[in-house]
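Q: Got a structure for you, written out below as structure tokens; questions coming shortly.
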Number of protein chains: 2
Amino acid sequence: MNASATRAPAKPTGLDCRLAVLGSDVRLTPHRREVFDVLASSTDHPTAYDILDRVKSRSPHISLATVYNCLEHLTTAGLIKQVQLERGQSRYCANLHEHVHFHCETCGKVSDAHPAADFDPAKFWNLPKGTKVTRMDIAIHGTCEACTAKH
Amino acid sequence: MNASATRAPAKPTGLDCRLAVLGSDVRLTPHRREVFDVLASSTDHPTAYDILDRVKSRSPHISLATVYNCLEHLTTAGLIKQVQLERGQSRYCANLHEHVHFHCETCGKVSDAHPAADFDPAKFWNLPKGTKVTRMDIAIHGTCEACTAKH
DNA sequence: TTTTAGAATTAGAATGATTCTAATTGCATT
DNA sequence: AATGCAATTAGAATCATTCTAATTCTAAAA
Ligand SMILES: [Mn+2]
Ligand SMILES: [Mn+2]
Ligand SMILES: [Zn+2]
Ligand SMILES: [Zn+2]
């Protein structure tokens, strides 16, 4: 983060570890690639520690600092999203479609829910004219299907 | 928090510092009352430190620990809400009506926005049948009226 | 092929917000 | 006045994250 600010980043020209994904400009080093892959194959919104554990099976020597670095680069590049549901650990999500988060207060699971096609959320709130909306964070808390069933 | 768990709380029987507000069961000690009053007369969603500063003008010796204690009791009693917009400091809000938070990314201000009367948010997301919703946290990020105007 | 300069990675220290601990103080009933 | 909790406090501890200061990589330059 400090280092990358010192100068314009050298344009990646190398091979397998420098895939330009989705038009983004991140250098996809092996670690960043692994962190991304872990996240892309997860639907449970893991924390940095969860990701560390999962990446360790492929790269046993990766450090927590590197996981945080990778997550920051991937987030800045727009390849993943940081999700803040409660105080404490952030969670991460590789689903880039517009969606909201459902958090089960019984089992703790976090899942994605997608809006109906015609959903235009901004019009439901009386925001003053002139307000510009860039992003919405919507978290729904409750009891999931499974937890409701086994009650 | 620890102390209050040891036993059923003695029912308040005293006078001015024990007002039962809105059917809640908190003892409204002078400090809790001041913290609540500061919040009730604020629309800017102050942090614990902001609240400490404001309460200090009336109670110069109040401690940060007490502010946190008061905020926790008031939150548990349902008299105020804790608001988590980004990582870092929590904010607090005494508006108990259903509302969402607008956060201006330019000036940092946080304000309330109220939904249209016919707004039924849950139906817009395809939550699995059987899901029970208890609460929604909706944060809208963007540029406020004033900041948009002065650009 | 060696050099070199910037970027990536690392362990551990530092930070910041909150929570916990262990007194001490205050109040309401006895 | 004595008793017994609950409230309050300062400071320590905790937890997630960010920063620091090396060290290692890598890709282009020489
Ligand atoms: Mn998600
Ligand atoms: Mn509010
Ligand atoms: Zn569940
Ligand atoms: Zn603004």
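Q: In the list B:113, B:40, B:122, B:65, which residue meets the criterion of being out of contact with any Asp or Glu (no Cβ under 7 Å at 6 or more places or on another chain), open to solvent by less than 30 Å² (accessible area, probe 1.4 Å) and small (Gly, Ala, Ser)?
A: After applying the criteria, what remains is B:113.
Q: Do you know which residues across the range A:111-124 are closer than 30 Å to residue B:151 by Cβ, at the interface with chain B (Cβ under 7 Å from one of its Cβ atoms) and assigned to a loop (DSSP other than H, G, I, E, B)?
A: A:119
Q: Still on this structure, I have one more. Only one of these is among the acidic types (Asp, Glu) and within 14 Å of ligand 2 (Cβ to nearest atom): B:72, B:145, B:98, B:105. Name it.
A: B:98
Q: Of everything in the range B:68-91, what is open to solvent by less than 30 Å² (accessible area, probe 1.4 Å) and more than 16 Å from DNA strand D (Cβ to nearest atom)? Give them in sequence order.
A: Selection gives B:83 alone.
Q: Next up: Within the range A:97-110, can you find the residues that are within 7 Å of chain B (Cβ to nearest Cβ) and exposed (fewer than 12 other Cβ atoms within 10 Å of the Cβ)?
A: Listed by number, the list is empty, since nothing qualifies.
Q: What is the residue count in the range B:64-95 for residues that are over 9 Å from the mean Cα position of the chain (by Cα), more than 12 Å from chain A (Cβ to nearest Cβ) and farther than 15 Å from residue B:27 by Cβ?
A: The total comes to 4.
Q: Scan (1) open to solvent by less than 50 Å² (accessible area, probe 1.4 Å); (2) over 22 Å from residue A:126 (Cα atoms) for the single condition residue B:56 breaks and write down its number.
A: Looking at each condition in turn, residue B:56 falls short on (1).
Q: In the range A:125-151, what residues are open to solvent by less than 50 Å² (accessible area, probe 1.4 Å), over 19 Å from residue B:101 (Cβ atoms) and within 7 Å of chain B (Cβ to nearest Cβ)?
A: Those that are open to solvent by less than 50 Å² (accessible area, probe 1.4 Å), over 19 Å from residue B:101 (Cβ atoms) and within 7 Å of chain B (Cβ to nearest Cβ): A:142, A:143, A:144, A:148.
Q: Please tell me if residue A:89 is within 12 Å of DNA strand C (Cβ to nearest atom), of a type outside the set (Phe, Trp, Tyr) and in contact (Cβ under 8 Å) with a residue 40 or more places away in the chain.
A: So residue A:89 fits the description; yes.
The values are calculated or read from the model by the stated rules, or taken from the named source; none is laboratory data. Being a predicted model, the structure only gives us computed values, none of them experimental. With ideal geometry, Cβ positions are generated from the backbone for all residues, glycine too; neighbour counts draw on all protein chains shown. Keep in mind that these areas ignore ligands, DNA and RNA; they rest on the heavy atoms of the full protein, side chains included. Shrake-Rupley method; radii C 1.70, N 1.55, O 1.52, S 1.80 Å.
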